[in-house]
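One structure below.
The values are calculated or read from the model by the stated rules, or taken from the named source; none is laboratory data. Quick caveat, the model's predicted, so the values are computed rather than measured. Cβ coordinates were reconstructed from backbone atoms using ideal geometry, including for glycine residues, and neighbour counts include every protein chain displayed. SASA here: full protein model, heavy atoms, side chains in, ligands and nucleic acids out. Shrake-Rupley method; radii C 1.70, N 1.55, O 1.52, S 1.80 Å.
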Amino acid sequence: GSTGTDAIAWHLGAELTSQGNEDVESRQLGGVLEAAFQRAQASLQLRTGYSRHENPDASRQSDPYFGVGLYSAF
């Protein structure tokens, strides 16, 4: 039988990032889906959202983003 150590914990959340300096400002808004694997002490994260960059000349660029991350304990 299963003792629960093979369980996968699912997490869903939002992320908001704002960063910049005198040259460029960047803001990202999106979501995160994580599958955490208890036995392997690892997790897999999927991130997606929308990013906007503002330059000193007042130009702006907006793009969708997508990312995948694999994290493991050492």
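Descriptive notes on the structure:
- When Ala14, Ala35, Ala58, Ala7 are screened for being of a type in the set (Gly, Ala, Ser), touching a residue at least 12 places away in the same chain (Cβ under 8 Å) and loosely packed, with under 11 Cβ neighbours inside 10 Å, only Ala14 passes.
- Criterion violated by Gln45 - all others in (1) over 15 Å from the mean Cα position of the chain (by Cα); (2) open to solvent by less than 90 Å² (accessible area, probe 1.4 Å) satisfied: (1)
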